1. Per residue, what volume in Å³ does the Cα convex hull of the stretch 2-89 take up?
2. Restricting to DSSP loop positions (anything but H, G, I, E, B) with no more than 16 other Cβ atoms inside 10 Å of their own Cβ, which GluC sites (Glu not before Pro) remain in the stretch 16-93?
3. Ordered by residue, what ³J(HN,Hα) values in Hz, to whole numbers, does the stretch 79-87 give under the Karplus form 6.51 cos²θ - 1.76 cosθ + 1.60, where θ = phi - 60° and Gly and Pro are x?
4. Kindly provide the trypsin sites (Lys or Arg not before Pro) of the stretch 1-68 that DSSP labels as loop, not H, G, I, E or B, and whose Cβ sees at most 11 other Cβ atoms within 10 Å.
5. In deg cm²/dmol and to the nearest 500, what is the mean residue ellipticity at 222 nm of the chain if only DSSP H runs of at least 4 residues count, each as -39500 (n - 2.57), divided by the residue total?
Amino acid sequence: MRLQLHGSDAFTAWFSVADTTEWARRWPCSAFRGRRVRVSFDSNGLFDYAVNGRQPDVDAHELSALVCSLVGPRLDPEHPAYFVAVGQFGGES
């Protein structure tokens, strides 16, 4: 996973095929298995995403769990987007 901070309140995370394949070991029916996923959040919430370069309908619960699991440990809990991306879904703060 690659994480890039933007300004003071936004970030983008990229999940590789390896990341989503490993994630699917914990989420067996994963729609993201073997796909590249990009998400962008600011303090208001998710504002952009892509799966293999497209914007298909996705399971919001799985997307939230993916972000919480992979971004949560790497994003500072004091970051303005932490709560909307991780904290409200049970991420540790």
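None of the figures in this text is laboratory data; all of them are computed from the coordinates on show. Keep in mind the model is a prediction, meaning the values are calculated, not measured. Methodologically, a virtual Cβ is constructed for each residue, glycine included, from the backbone with ideal geometry; neighbour enumeration extends over all protein chains shown.
1. 86 Å³
2. E78, E92
3. Each residue of the stretch 79-87 in turn: 5, x, 8, 4, 4, 6, 8, 10, x Hz.
4. R25, R26
5. About -6500 deg cm²/dmol.
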